[in-house]
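The values are calculated or read from the model by the stated rules, or taken from the named source; none is laboratory data. All values derive from a computational prediction rather than experimental measurement. Neighbour counts are summed over all protein chains in view; Cβ atoms, including those assigned to glycine, are modelled from backbone coordinates with ideal geometry. All accessible areas refer to the heavy atoms of the entire protein, side chains included, with ligands and DNA or RNA removed. Shrake-Rupley method; radii C 1.70, N 1.55, O 1.52, S 1.80 Å.
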Amino acid sequence: MKNLWSENDALSAEAITDNADLGVTVYATNLLGGDKDLVLHGGGNTSVKTALKDHLGRETDVLFVKGSGRDMATIDAGGFPALRLDPLRELSSLDSLSDAEMLNAFKTAMMDSSQPRASVETLVHAFLPYKFIHHTHANAVLALSNRKDGRELCRQVFGDRITVTPYVMSGFALAKCVQEADDGNEGILIPRHGLFTFGDTAEQAYARMIDLVTLAEEYLAREGDRQVNVASLPDTLASVSDISPILRGLAALPSGKEGDFQRFILDFRNSDDVMAFVNGNNVQRYANAGNVTPDHVIHIKPKPLIVDAPEADDLDGFTKAATDAMEAYEADYRAYFERHGDGSQTMLDAKPRVIVVPGLGLFGLGNTALEAARAADLAECTARVVMQAERLGDFQGTGEKDLFDIEYWTPEQTKLGMPNEAPLLGQVAVVTGAASGIGLATARMFAASGAAVAVLDLDKEQAQQAAAEFNGLGLACDVTDDTAVKAAFDNVCRTFGGVDIVVSNAGAAWQGRIGDVSDETLRKSFELNFWGHQRISQAAVNIMRAQGTGGCLLFNTSKQALNPGKDFGPYGLPKAATLFLMKQYALDHGRDGIRANAVNADRIRSGLLTDDMISSRSKARELSEKEYLSGNLLGREVTADDVARAFLHLALSPATTAATLTVDGGNIEASLR
């Protein structure tokens, strides 16, 4: 492992904050957090003991410690609460301290109550005498320690440079254990937890961490030569896009309302470490041997769901086997809760947060794309650690009771924060023609409402630029091309796991007097403005049916479907057909829980209704441009956001299907009768 310390950067960091000790601690923390082989997603912590003046101007010894759940890669000085050191150190004289008392002690010791909550391992940092303390969950160290003989092996590798303790759960008990074990070495290693290093300077604590992890890496590279046997797999495997909707549907949780589900986003991984892990002949043993470190459990549960390798020509068989596996997993989780719960806890949902698929890879699950990515990151880390350990001997992770204690420990649960109440949380929305105008406004609004959004547009660069606004997926897609539509939906399934909502919005306007217009012009318009909607809807429905959790099709049909405009037949005719296409989907697929609705909008500035088009249509109706745009009962211009709100309303109306919602400011001629 490379030492990345830069004296110039460290000096610059010291000058950024009012306290040089804090500045250099932030710098060291960011270095450690930037290496995924050391720490991931809020794990690990660092601290420094220094002095500050209190509100009365008195010099006070304080502990700056990483805030609970803060990411070491990106944390800044504001993420380190300052706590009075003496009251914390006095707690070491106690024989016991409840979690509630410990957390209250943190609050009362804070120099500034507006700062973030202190790490649950604050007392470890307070009880030890060292100025700078760094703590990581280094993969190489975990690979050594997560074995039956882990403590002995770690003593062999590190010698007398560090002290190796038994595993103790975070909190007061761990702080007491570490304090008693400290014998002035470079650090302390807690099996299945991680490594603490100490220093008189931040650079010394950092360098010791890098040196010790390097020793572990070198030992693993030198001694890890045990062969990991590969399991037998089908000759031809189904694709990720084939199976992800099936798994996503099985993972969905009934919300308690008929036909409604709490869905998850899926994040797929198939790195070399992951493939070695999922394809191992003993995957059932080591994947169920406990997490590599206990704090992962709040994000990925105590174990993954393992399904059968999917044969390409037997998706029905895969679905049945995966259904049985999911039911068994949930029953096992309920039994785990019954074994270890004491009546004071409320059981969390029993669905997995990682699904292992031999032959393909693994999926992380989460309520949002970011949460799914976090679960997948931790699962990928698990795969790396387990495979390193297996090349030495059998991996042995954190014990079940220890995992339960962390999973249901209040200080760890608070890291997850308040539940996200966004109305489209966990849902995947695909919006076509979404790089501008109505499509972009709709994509933004759906993303703001919690959905993972795929932006489809002819222009790939513009689609990606639009999607980047809300961490979405931007894809090039010509809705008149069967191959392009299939590729786009395969990509969405591979990225997010499936599809719940489609806003079929892509279109273009052709004009001409219907008695004069050419067949070519009319066919082009139908290809885009009717067949494009059919291709998109058919692809989406196939995925929705595989998920088995219903879905929502939304069509932009335009006012032209009801109130044709003069010389606008080439556009209005396919739009009228699309209106009835919507009704047919509602009729044929209501039994699948799939709703279909349309928005009847008019005169919206967009890529379709350009300035030139506004001028042309105004002249056709013998109106000024202002009169044309505000020529409705309300006398005001209707915007793309108005249409987006209508689409969102329909997406959130579970009992509404085969409906057309008018958004035009009021036009009696175009209203439904």
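Here are a few things to note about the model shown:
- Top-ranked residue in region 420-473 [being of a type in the set (D, E, K, R) and not in a strand (DSSP E or B); ranked as farthest from residue 530 (Cα to Cα)]: 421
- Counting only helices (runs of 4 or more DSSP H) wholly contained in region 272-363, the ones carrying 2 or more residues that are more than 25 Å from residue 391 (Cβ to Cβ) and not aromatic (Phe, Trp, Tyr) occupy 297-300, 315-340.
- All conditions but one from (1) in contact with a helix residue (DSSP H, G or I) (Cβ under 8 Å, 6 or more places away or on another chain); (2) open to solvent by less than 50 Å² (accessible area, probe 1.4 Å); (3) of a type outside the set (Asp, Glu); (4) within 19 Å of residue 436 (Cα to Cα) apply to residue 471; the one that does not is (2).
- When region 626-639 is limited to residues that are within 41 Å of the chain's Cα centre (by Cα) and surrounded by fewer than 20 Cβ atoms within 10 Å (Cβ to Cβ), the one that is nearest to residue 582 (Cα to Cα) turns out to be 639.
- Within region 647-662, considering residues that are among the aliphatic types (A, V, I, L, M) and surrounded by fewer than 21 Cβ atoms within 10 Å (Cβ to Cβ), the one nearest to the chain's Cα centre (by Cα): 652
- Scope region 554-574; condition out of contact with any Lys or Arg (no Cβ under 7 Å at 6 or more places or on another chain), open to solvent by less than 10 Å² (accessible area, probe 1.4 Å) and either more than 21 Å from residue 522 (Cβ to Cβ) or touching a residue at least 60 places away in the same chain (Cβ under 8 Å) (or both); matching residues: 554, 559, 570
- Tallying residues that are touching a residue at least 12 places away in the same chain (Cβ under 8 Å), over 16 Å from residue 405 (Cβ atoms) and over 30 Å from the mean Cα position of the chain (by Cα) within region 98-125 yields 10.
- Tally, over region 566-600, of residues that are assigned to a helix (DSSP H, G or I) and among the charged types (D, E, K, R): 5
- Of residues in region 575-600 being touching a helix residue (DSSP H, G or I) at 6+ places or on another chain (Cβ under 9 Å), among the small types (Gly, Ala, Ser) and more than 19 Å from residue 526 (Cα to Cα), the one least open to solvent (accessible area, probe 1.4 Å): 596
- Total residues in region 253-287, condition out of contact with any Asp or Glu (no Cβ under 7 Å at 6 or more places or on another chain) and surrounded by fewer than 17 Cβ atoms within 10 Å (Cβ to Cβ): 13
- Candidates 32, 38, 11 - the one that is out of contact with any Asp or Glu (no Cβ under 8 Å at 6 or more places or on another chain), assigned to a helix (DSSP H, G or I) and open to solvent by less than 50 Å² (accessible area, probe 1.4 Å): 32
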